[in-house]
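The values are calculated or read from the model by the stated rules, or taken from the named source; none is laboratory data. Predicted model only: the values in this text are computed from it and were never measured. Here Cβ is always computed from backbone atoms with ideal geometry, including for glycine, and neighbour counts include all displayed protein chains. Only protein heavy atoms, including side chains, enter the accessible area calculation; ligands, DNA and RNA are left aside. Shrake-Rupley method; radii C 1.70, N 1.55, O 1.52, S 1.80 Å.
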Amino acid sequence: MINYGCGRLNVVISGGTSGIGLATAEKFLRDGANVYILGRSVLRGAMAVQKLQAFTDNKVFYVPCDVISSEECKKALANINGAIDILVNAAGVYQEQRLENMTEADYANIFDTNVKGTMLLTQAALPYMYGGGCIVNIASDAGISGNYGCPVYCASKGAVVALSKALALDYAPNIRVNCVCPADVDTPLLRKQLEDSNGGYTMDDMADAYPLGRIGKAEEIAHVICSVASPYNSFMTGAVIPVDGGLTAK
Ligand SMILES: NC(=O)c1ccc[n+]([C@@H]2O[C@H](COP(=O)([O-])OP(=O)(O)OC[C@H]3O[C@@H](n4cnc5c(N)ncnc54)[C@H](OP(=O)(O)O)[C@@H]3O)[C@@H](O)[C@H]2O)c1
């Protein structure tokens with residue numbers, strides 16, 4: 001077990017029921033934190049809690065929440081017992097779509113979840129961060145450099161990068177805000193992306209693009225998120241941290 005120094009803290013993770021958010025919940029729980037995982041699907045929430053309870057003595061709580069609704073964000077956070085010390089905004093959607101095929105509904109789905117959702121949950125959390133706190137937003141390599149076939153997703157993650165830097169300025173010195181930018185990571189989101197490509201490309205094809213010769217694992221991103229959020233990392237704010245096997249170093 002790594003001691004991130006987050007032991008008794010209250011941690012809220014949007015998208016904590018799957019993939020990177022779920023792996024992050026596990027690491028915080030192993031470190032002794034109280035963890036609230038948010039997502040829309042009650043079934044996914046129950047399955048995540050069942051998996052996570054193996055690592056904790058009832059310190060994990062599922063709270064249903066659609067982050068695109070300010071009312072749901074406020075209601076979800078009212079369930080939390082005491083202050084929020086750490087907020088991880090990991091809820092997100094990916095859609096591969098060239099611009100000529102993009103509809104306004106596709107745009108709304110991507111931007112509402114990735115940008116508005118990050119903004120609304122953060123807004124709802126601020127009143128609970130009265131003792132100071134830490135926010136980690138999950139963007140993407142696609143928010144740092146361009147990527148093929150997903151211009152609106154890239155734009156949404158670029159917005160999350162910019163939002164993170166601006167919030168870091170507005171809420172210093174009490175609240176640190178940082179942005180973690182993973183590249184391809186083996187999660188349900190990526191498996192769906194591969195399915196949607198109808199055999200157009202495989203995980204091995206993806207791996208070829210990486211200096212490290214493979215895509216990432218959810219726990220490798222989770223480790224960085226927990227490290228960034230750790231009180232030991234007290235001098236880091238406004239940072240944009242690629243975790244991408246060297247992809248954006250090229
Ligand atoms: N996997 C990758 O290759 C990769 C690469 C770069 C960046 N990212 C980013 O990393 C984050 C996590 O991705 P992941 O791969 O772990 O995805 P994932 O396995 O599909 O998990 C996404 C999570 O977000 C939740 N979510 C989606 N829409 C939501 C909404 N409107 N309200 C509340 N929760 C919502 C989902 O739960 P419900 O559906 O039940 O709501 C689920 O818990 C995302 O922001 C993604 O863009 C992923």
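Suppose the filter is among the small types (Gly, Ala, Ser), surrounded by fewer than 23 Cβ atoms within 10 Å (Cβ to Cβ) and within 11 Å of the ligand (Cβ to nearest atom); does Gly149 pass it?
Against the criterion (among the small types (Gly, Ala, Ser), surrounded by fewer than 23 Cβ atoms within 10 Å (Cβ to Cβ) and within 11 Å of the ligand (Cβ to nearest atom)), Gly149 does not qualify.
In segment 183-234, how many residues are open to solvent by less than 60 Å² (accessible area, probe 1.4 Å), of a type outside the set (A, V, I, L, M, F, W, C) and assigned to a helix (DSSP H, G or I)?
Selection size over segment 183-234: 3.
Okay, residues lined up against (1) within 16 Å of Ile138 (Cα to Cα); (2) within 14 Å of the ligand (Cβ to nearest atom); (3) in contact with a Cys (Cβ under 7 Å, 6 or more places away or on another chain):
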position: Ala25; (1), (2), (3): yes, yes, no
position: Arg30; (1), (2), (3): no, no, no
position: Val35; (1), (2), (3): no, yes, no
position: Thr56; (1), (2), (3): no, no, no
position: Val67; (1), (2), (3): yes, yes, yes
position: Glu72; (1), (2), (3): no, yes, yes
position: Lys75; (1), (2), (3): no, yes, no
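Looking at (1) within 14 Å of the ligand (Cβ to nearest atom); (2) under 20 Å from Phe28 (Cβ atoms); (3) in contact with a strand residue (DSSP E or B) (Cβ under 6 Å, 6 or more places away or on another chain); (4) open to solvent by 40 Å² or more (accessible area, probe 1.4 Å), which one does Thr237 not meet, given that it meets all the others?
The one condition Thr237 does not meet is (1).
Out of (1) closer than 19 Å to Leu87 by Cβ; (2) among the charged types (D, E, K, R); (3) in contact with a helix residue (DSSP H, G or I) (Cβ under 9 Å, 6 or more places away or on another chain), the odd one out for Lys51 is which?
It fails just one condition, (1).
Would you tally the residues in segment 63-96 being surrounded by fewer than 18 Cβ atoms within 10 Å (Cβ to Cβ) and more than 17 Å from the chain's Cα centre (by Cα)?
So the count comes out to 12.
Between Gly5, Gly92, Gly19, which is over 17 Å from Gln123 (Cβ atoms), more than 8 Å from the ligand (Cβ to nearest atom), of a type in the set (Gly, Ala, Ser) and in contact (Cβ under 8 Å) with a residue 60 or more places away in the chain? Explain how you work it out, then say what you get.
Values: Gly92 fails: more than 8 Å from the ligand (Cβ to nearest atom); Gly19 fails: more than 8 Å from the ligand (Cβ to nearest atom).
Result: Gly5 is the single residue among Gly5, Gly92, Gly19 that is over 17 Å from Gln123 (Cβ atoms), more than 8 Å from the ligand (Cβ to nearest atom), of a type in the set (Gly, Ala, Ser) and in contact (Cβ under 8 Å) with a residue 60 or more places away in the chain.
Look at Asn34 and say whether it is more than 30 Å from Tyr153 (Cβ to Cβ), crowded, with 22+ Cβ neighbours inside 10 Å and in contact (Cβ under 8 Å) with a residue 24 or more places away in the chain. Lay out the reasoning, then the answer.
Working: more than 30 Å from Tyr153 (Cβ to Cβ): yes; crowded, with 22+ Cβ neighbours inside 10 Å: yes; in contact (Cβ under 8 Å) with a residue 24 or more places away in the chain: yes.
The answer is yes for Asn34.
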